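*Asks:* First the structure, then my questions, so here it is.
The values are calculated or read from the model by the stated rules, or taken from the named source; none is laboratory data. Nothing here was measured: the structure is a model prediction, and the numbers come from that model. Because the Cβ atoms are built from the backbone with ideal geometry, glycine has one as well, and the counts that use them run over all protein chains shown.
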Amino acid sequence: MKNYLFYFKKHIRLSSPIVLGQITTVLIALSDTIMVGNYDTVALASSAFANSAIFTFATFGIGLTYGLKPPVANAYAAKNLSLCAKYLQNGMLLYALVSTLMWLGFEMAVPFLDYLDQPPSVVVLAIPYYRLVALSIIPWFLFLALQQFSEALTKTKVPMSVNILSCVVNIILNYLLIFGKFGFPELGLVGAGVATLVSRILMLLVMLIIFFGLPFFRQFIDFSVSIISKETLKKLLNIGVPIGMQMVFESGAFGVAAIMAGWISKEALAAHQIALNIAFTTFMVAVGISQGTTVAIANLVGKNNLKEIKITGRSAVYLIVVFMAVMGGLIFLFNEQIPLWYINEAELNAAEIVEITMQLLIIVAVFQMTDGIQVVSAGNLRGLEDIKVPTAISLFAYWVIGIGGGYVLAFPFGMGVTGIWWGLCLGLITSSILLTWRFESKKI
């Protein structure tokens, strides 16, 4: 037990700034959802639709940036600073290209949003917001690359500080622009989109100032043509693409779940968005622990200290199980109060949205521990650069079990949106079992 306490402290020390950075991302999403929900329930459904349409695919690019962390952490532990610089510079060029192409793809997809069988009022309101959020992924992906690099060097407080600044700016702009306060125009959902774009541009600018201004970081950004390397790009793609696909399978499952919820009613879609927001909040803490254990295990590999890998990975899983168990209990206890944070009770159909949300939050409470286990186990495997098999596991768990099961329960069995979420719950349970087995079966 004393051994595990040592590793718990180690994980908390490394991961706490990462977790705080992830929490700021949650707070931004939370403020968007609460403020938009209190502005208008149709706007809430529109934001759910737009975000699902974007993030189903944008998570691939996010995962691609995550591919920077394991090789950089490994190289840094081996004291190979020139290789770290090569990974950063090649990565920034790669992510700039991918994010620009992705934005163009989102723009080209606008005429096809009408064909996703959503209520017309939801689609019309969603499009301007969709375009602003789509544009914001360019500065966001570049910031994420710098964040992953900084965290791989164990300089986790730098991106945490930038995330906190961005969160404060986003919340203030949301309040000013959604509701039209202090002389600003009342833009509603569009105001939330403007706030997202501005805050993400700010994140990138501040991070660039830090990298060019501090000597420790400046040593990695002496750009030259000769440092661009096909071998390095291939390495980043070999790690990043499977991670991106793994994240697409998970986020895509929740995105398709949102579309299926929209087939049922706009009330079901709004309830889905609230439940997803709560699930996302606790999930991002697990993501922070997962990224921390990726760095810890990659560092052990770089130092050739293989005997500590298993206990490092297991202790991270045990830590997140305790946290998620507590969160599941709180969500269960307060499932009647939580929907009221998001909904103006004077709105038409507010009571129906609250009732559906309460049912979904019970399911969210049930899958908390398995959600934490699966994401931290994936982080353990990324530290070992074991990516391809976990990606196949994600495809099976989220799409065959999660979406397939959710569709059957929702429609043939008539369970509606709760059936969709029980399917997702089964997918997360499957993923947690298989990823844990994969890590434990590794011969190190």
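*Asks:* Just to be sure before I move on: is GLY383 buried (at least 19 other Cβ atoms within 10 Å of the Cβ) and free of Cβ contacts under 8 Å to residues at least 24 places away in the same chain in the structure I sent? Explain how you work it out, then say what you get.
*Replies:* On the way: buried (at least 19 other Cβ atoms within 10 Å of the Cβ): yes; free of Cβ contacts under 8 Å to residues at least 24 places away in the same chain: no.
Here the answer is no, as GLY383 does not meet what is asked.
*Asks:* Turning to a different aspect of this structure: Within the stretch 398-417, can you find the residues that are free of Cβ contacts under 8 Å to residues at least 60 places away in the same chain and either surrounded by 20 or more Cβ atoms within 10 Å (Cβ to Cβ) or assigned to a helix (DSSP H, G or I) (or both)?
*Replies:* Across the stretch 398-417, the qualifying residues are VAL400, ILE401, GLY404, GLY405, VAL408, LEU409.
*Asks:* Is one or more of the residues making up the stretch 97-104 touching a Pro at 6+ places or on another chain (Cβ under 9 Å) and outside any helix (DSSP H, G or I)?
*Replies:* Within the stretch 97-104, none of the residues are touching a Pro at 6+ places or on another chain (Cβ under 9 Å) and outside any helix (DSSP H, G or I).
*Asks:* Exactly one of these conditions fails for GLU352: (1) farther than 18 Å from LEU276 by Cα; (2) over 20 Å from the mean Cα position of the chain (by Cα); (3) at pLDDT below 95. Give me its number.
*Replies:* (1) is the only condition that GLU352 fails.
*Asks:* Moving on to the next point. Is it the case, given these coordinates, that ALA286 is within 19 Å of SER15 (Cα to Cα) and surrounded by 24 or more Cβ atoms within 10 Å (Cβ to Cβ)?
*Replies:* Yes; evaluated as a whole, the condition is true for this residue.
*Asks:* Select from the stretch 134-150 the residues that are over 20 Å from ILE23 (Cβ atoms), in contact (Cβ under 8 Å) with a residue 60 or more places away in the chain and buried (at least 20 other Cβ atoms within 10 Å of the Cβ) and list them in ascending order. Let's see the steps before the verdict.
*Replies:* Taking the stretch 134-150 as the starting set, the residues that turn out to be over 20 Å from ILE23 (Cβ atoms) are 134-135, 137-139, 141-142, 145, 149.
Still in the running and in contact (Cβ under 8 Å) with a residue 60 or more places away in the chain: 134-135, 137, 139, 141-142, 145, 149.
Within the stretch 134-150, ALA134, ILE137, PRO139, PHE141, LEU142, ALA145, PHE149 qualify.
*Asks:* Please count how many residues of the stretch 386-396 are of a type in the set (A, V, I, L, M), touching a residue at least 60 places away in the same chain (Cβ under 8 Å) and assigned to a helix (DSSP H, G or I).
*Replies:* Total satisfying the criteria: 1.
*Asks:* Could I ask something else about it? Only one of (1) without any contact (Cβ under 8 Å) to a residue 40 or more places away in the chain; (2) among the β-branched types (Val, Ile, Thr); (3) over 21 Å from THR370 (Cβ atoms) is not met by VAL326, so which one is it?
*Replies:* (3)
*Asks:* Let me ask you something else. Going through ILE309, ILE331 one at a time, which residue ends up being modelled with pLDDT of 90 or more and assigned to a helix (DSSP H, G or I)?
*Replies:* ILE331
*Asks:* Kindly indicate which of ILE18, ILE54, ILE28, ILE12 is closer than 19 Å to ILE172 by Cβ and either outside any helix (DSSP H, G or I) or among the β-branched types (Val, Ile, Thr) (or both).
*Replies:* One residue alone meets the criteria, ILE28.
*Asks:* OK, next. Closer than 21 Å to PRO17 by Cβ, surrounded by fewer than 24 Cβ atoms within 10 Å (Cβ to Cβ) and in contact with a helix residue (DSSP H, G or I) (Cβ under 6 Å, 6 or more places away or on another chain): is that true of VAL256 in this structure?
*Replies:* no
*Asks:* Now a separate question. Quick one: in the stretch 206-253, which of the residues that are part of a helix (DSSP H, G or I) and of a type in the set (Gly, Ala, Ser) is surrounded by the most Cβ atoms within 10 Å (Cβ to Cβ)? It would help to see each step written out before you state the result.
*Replies:* Step one: filter the stretch 206-253 for residues part of a helix (DSSP H, G or I), giving 206-213, 215-218, 225-227, 230-253.
This time we only want the ones that are of a type in the set (Gly, Ala, Ser), so: 213, 226, 240, 244, 251-253.
On the way: GLY213: 9, SER226: 5, GLY240: 29, GLY244: 25, SER251: 21, GLY252: 23, ALA253: 26.
Top of the filtered list is GLY240.
*Asks:* Under 6 Å between Cβ atoms, which residue pairs at least 6 apart in sequence (or on different chains) link something in the stretch 1-19 that is modelled with pLDDT of 80 or more with a partner that is among the basic types (Lys, Arg) and in a helix (DSSP H, G or I)?
*Replies:* PRO17/LYS157
*Asks:* Ok, one more. Identify the residue in the stretch 356-392 that is under 26 Å from ALA77 (Cα atoms) and charged (D, E, K, R) and, among all such residues, is nearest to the chain's Cα centre (by Cα).
*Replies:* The residue in question is ARG382.
*Asks:* Mind listing just one residue for me: the one in the stretch 99-136 that is farther than 26 Å from THR65 by Cβ and among the charged types (D, E, K, R) and, of those, modelled with the highest pLDDT?
*Replies:* Once the filter is applied, the top-ranked residue is ASP114.
*Asks:* Here is a list: LEU340, LEU381. Which entry is in a helix (DSSP H, G or I) and farther than 30 Å from PRO242 by Cα? Explain how you work it out, then say what you get.
*Replies:* Numbers: LEU381 fails: farther than 30 Å from PRO242 by Cα.
None of the other options fit; the residue is LEU340.
*Asks:* Any idea which residue in the stretch 31-80 is modelled with the lowest pLDDT, counting only those that are within 16 Å of the chain's Cα centre (by Cα) and among the charged types (D, E, K, R)?
*Replies:* Per the stated criteria, the residue is ASP32.
*Asks:* Filter the stretch 151-166 for residues that are of a type in the set (Gly, Ala, Ser) and surrounded by 24 or more Cβ atoms within 10 Å (Cβ to Cβ); which is farthest from the chain's Cα centre (by Cα)? Steps first, please.
*Replies:* Taking the stretch 151-166 and keeping what is of a type in the set (Gly, Ala, Ser), we get 152, 161, 166.
Add one more test, that the residue is surrounded by 24 or more Cβ atoms within 10 Å (Cβ to Cβ), and what stays is 152, 166.
Working: ALA152: 18, SER166: 16 Å.
Checked the stretch 151-166; the qualifying residue farthest from the chain's Cα centre (by Cα) is ALA152.
*Asks:* Taking the stretch 100-122 as the search range and keeping residues that are surrounded by fewer than 21 Cβ atoms within 10 Å (Cβ to Cβ) and of a type in the set (Val, Ile, Thr), which one is farthest from ASN163 (Cα to Cα)?
*Replies:* Ranking the candidates gives VAL110 first.
*Asks:* Kindly indicate whether VAL256 is part of a helix (DSSP H, G or I), modelled with pLDDT of 85 or more, closer than 21 Å to GLN89 by Cα and β-branched (Val, Ile, Thr).
*Replies:* In short, no.
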